[in-house]
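S.K.: Next up is a structure, given as structure tokens.
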Amino acid sequence: MKHKITLIPGDGIGPEIVAATVRIIEASGVEFEWETQILGAQALEKYGNTLPDAAIESMRSNKVALKGPIMTPIGKGFTSVNVGLRKALDLYANVRPIKALPNVECRYPDLDLVIIRENTEDLYAGLEHIVVPGVVESLKIITEKASTRIAKYAFEYAKDNNRKKVTAVHKANIMKLSDGLFLECFYNVAKDYPEITADDKIIDNCCMQLVMRPEQFDVMVMENLYGDIVSDLCAGLIGGLGLAPGGNIGEQGAVFEAVHGSAPDIAGQGIANPTALLMSAIIMLRYIGEKDAAQNVEDAMMAVFAEGTVRTKDLGGTANTTDFANAIIEKIVKSRES
Ligand code: NAI
């Protein structure tokens with residue numbers, strides 16, 4: 001069976017890591033029909049719209065997309081295409097596994113936790129306006145519907161993946177209404193999952209605990225902005241942004257992408273680490289039912305890490321993106337031949 005998938009190369013290092021990832025997963029023997037689409041600044045230049053209908057329609061009809069990072073201008077210019085896309089397709093759950101890889105020097109080599117980030121509302125929606133010159137207002141909208149839905153997703157995820165604990169992260173001591181509602185929904189949902197421990201942490205303490213004793217966490221569920229920040233913090237615990245994958249999941253489809261951005265500081269040099277996107281693609285392979293291929297690709301990637309001779313610059317190596325991809329492909333091909 002051929003899988004028709006929307007492919008968004010993205011900006012900066014995006015095209016480099018997307019090309020490497022596509023080569024690797026195609027080596028598994030799974031057949032794809034890629035439908036390439038552009039978003040963001042590239043689409044603005046070509047179509048006059050950062051989120052063109054063609055791209056949205058492609059993702060709606062294929063139901064699965066593999067996406068490189070899209071640049072968002074700071075402090076001015078167009079609003080985030082990533083936010084717009086998640087909203088347009090109602091990709092309400094952002095699932096971000098944080099797991100250390102073999103042989104990668106990092107603070108917590110045994111760390112294995114999962115961040116479930118609510119993806120559609122909160123301050124991250126970017127609803128803001130100027131009240132009067134010099135005074136701006138940003139709207140933090142939290143709803144019972146979205147909070148309950150993400151809590152359910154987190155507990156179901158824990159159940160399906162044999163995880164024992166779900167921790168809600170919040171600031172309900174200060175934002176008693178908004179984060180208070182999020183927390184109340186969390187504990188209401190928790191009642192339906194008595195076999196899973198439910199607890200909560202205030203975000204500031206949570207960050208400290210993550211840096212000092214991250215092994216106490218298993219599945220963590222949080223609002224959009226906290227999820228954005230905590231994801232990068234956690235990526236730092238396992239060796240950096242080049243290693244943190246993710247999937248944006250909704251009822252009607254999913255978009256798989258790395259946690260990191262377009263890395264303009266290293267774009268065009270061919271040295272980006274494609275691992276985070278590759279791991280996102282492995283999650284995608286499982287999502288589309290290609291479990292054996294997912295395992296083959298994952299085993300090959302793990303073997304390259306375990307050997308430790310071919311690694312990219314961010315991990316202290318000298319391999320470029322292509323060398324690293326080739327090393328994994330070689331292992332996939334060998335395992336298919338044996
Ligand atoms: P970034 O994640 O692009 O880069 C942060 C640092 O990590 C940089 O030093 C970069 O070189 C390094 N890095 C990131 N990914 C790497 C990889 N695969 N291999 C090796 N090193 C890597 O964050 P930054 O600079 O804050 O954002 C750049 C742009 O990306 C912004 O326009 C931002 O809006 C956008 N962005 C897009 C995201 C998405 O499309 N989902 C997510 C995060 C940021």
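S.K.: By counting other Cβ atoms within 10 Å of each Cβ, how are Cys207, Cys185 ranked from fewest to most?
M.R.: Ascending Cβ contact count within 10 Å gives the list Cys207, Cys185.
S.K.: Based on the Cβ-Cβ distance from Leu127 to Ala306, what FRET efficiency comes out when R0 is 45 Å, to the nearest 0.05?
M.R.: 0.45
S.K.: Taking 27 Å as the cut-off for C-alpha to C-alpha distance, list the pairs among Lys4/Lys145; Lys76/Lys140; Lys46/Lys87; Lys99/Lys201; Lys2/Lys67 that go past it. Show your work: numbers first, answer last.
M.R.: On the way: Lys4/Lys145 32 Å; Lys76/Lys140 20 Å; Lys46/Lys87 23 Å; Lys99/Lys201 21 Å; Lys2/Lys67 19 Å.
Over 27 Å Cα-Cα: Lys4/Lys145.
S.K.: Ratio of alpha-carbon Rg to the 2.2 N^0.38 Å globular estimate for the chain, to two decimals, please.
M.R.: Here the answer is 0.98, to two decimals.
S.K.: Considering the options Ser58, Ser28, Val114, tell which one lies farthest towards the positive end of the dipole of the chain, charges being +1 on Lys and Arg and -1 on Asp and Glu at the Cβ, about the Cα centre.
M.R.: About the Cα centre, the residue reaching furthest to the positive side is Val114.
S.K.: Among all stretches of the chain without exposed trypsin sites (Lys or Arg not before Pro) (DSSP loop, at most 15 other Cβ atoms within 10 Å), which one is longest? List each step's numbers first, then the result.
M.R.: Working: sites that count: Lys76, Arg107, Lys164, Lys176, Lys191.
The reported range is 192-338.
S.K.: Given the chain, what percent of its DSSP beta bridges are antiparallel, to the nearest 5?
M.R.: Approximately 40 percent, going by the DSSP bridge assignments.
S.K.: Under a point-charge model restricted to the Cβ atoms of Lys and Arg (+1) and Asp and Glu (-1), what is the dipole moment magnitude of region 112-237 relative to its Cα centre, in debye to the nearest 20?
M.R.: 240
S.K.: What 222 nm value per residue comes from the helices of the chain, counting each DSSP H run with n ≥ 4 as -39,500 (n - 2.57) and dividing by all residues, nearest 500 deg cm²/dmol?
M.R.: -13000 deg cm²/dmol
S.K.: About the Cα centre of region 213-308, what is the dipole size in debye to 20, counting +1 per Lys and Arg Cβ and -1 per Asp and Glu Cβ, all else neutral?
M.R.: Numbers: 3 positive and 13 negative charges, 12 e Å.
Around 60 debye, computed over region 213-308.
S.K.: For Thr197 and Lys46 in the same chain, what is the full-extension length gain: residue separation times 0.36 nm, less their Cα-Cα distance, in nm?
M.R.: Extending this stretch completely gives an extra 49.3 nm.
S.K.: So for the chain, taking the charge dipole from beta-carbon charges (+1 Lys/Arg, -1 Asp/Glu), which of Pro274, Gly246, Leu39 sits furthest toward the positive end?
M.R.: Gly246
S.K.: Right, next: Quick one: Met71, Met1, fewest Cβ neighbours within 10 Å first, how do they rank?
M.R.: The most exposed by this proxy come first: Met1, Met71.
S.K.: If you don't mind, there's one more thing I want to ask. From the square roots a ≥ b ≥ c of the eigenvalues of the alpha-carbon gyration tensor of region 19-160, which class results: rounded (a/c under 1.5), prolate (a/b over b/c), or oblate?
M.R.: The shape class here is oblate.
S.K.: Right, next: Using label points projected 7 Å from each Cα along Cα→Cβ, tell me how many nm separate Asn188 and Lys164, to one decimal.
M.R.: For Asn188 paired with Lys164, the spin-label model returns 3.0 nm.
S.K.: So how far apart, in nm, are the two label points at Glu137 and Glu31 if each is 7 Å from Cα heading toward Cβ?
M.R.: So the label points at Glu137 and Glu31 sit 5.7 nm apart.
S.K.: If the chain between Ile229 and Lys2 were fully stretched, how many nm would it gain, using 0.36 nm times the residue separation less the Cα-Cα distance? Numbers along the way, then the final one.
M.R.: Values: separation 227, 0.36 × 227 = 81.72 nm, distance 3.70 nm.
Full extension of this stretch gives 78.0 nm more.
S.K.: Please arrange Tyr187, Tyr193 by how many other C-beta atoms lie within 10 Å of their C-beta, fewest to most. Intermediate values should be presented prior to the final figure.
M.R.: Values: Tyr187 13, Tyr193 17.
In order of increasing Cβ crowding within 10 Å: Tyr187, Tyr193.
S.K.: Roughly speaking, what is the stretch gain from Val211 to Glu330, that is 0.36 nm per residue apart minus the C-alpha to C-alpha distance, in nm to one decimal? Please report the intermediate quantities before stating the final value.
M.R.: Numbers: separation 119, 0.36 × 119 = 42.84 nm, distance 3.67 nm.
Length gained, Val211 through Glu330: 39.2 nm.
S.K.: Positive end of the charge dipole of region 112-237 (Lys, Arg +1 and Asp, Glu -1 on Cβ, about the Cα centre): tell me which of Ala198, Cys234, His129 has its Cα farthest that way.
M.R.: It is Ala198, whose Cα lies furthest towards the positive end.
Quick note: the coordinates plus some simple rules give every number you see, no bench work behind them. Only a predicted model underlies this, so the values are computations on that prediction, with no experimental measurement involved. Methodologically, a virtual Cβ is constructed for each residue, glycine included, from the backbone with ideal geometry; neighbour enumeration extends over all protein chains shown.
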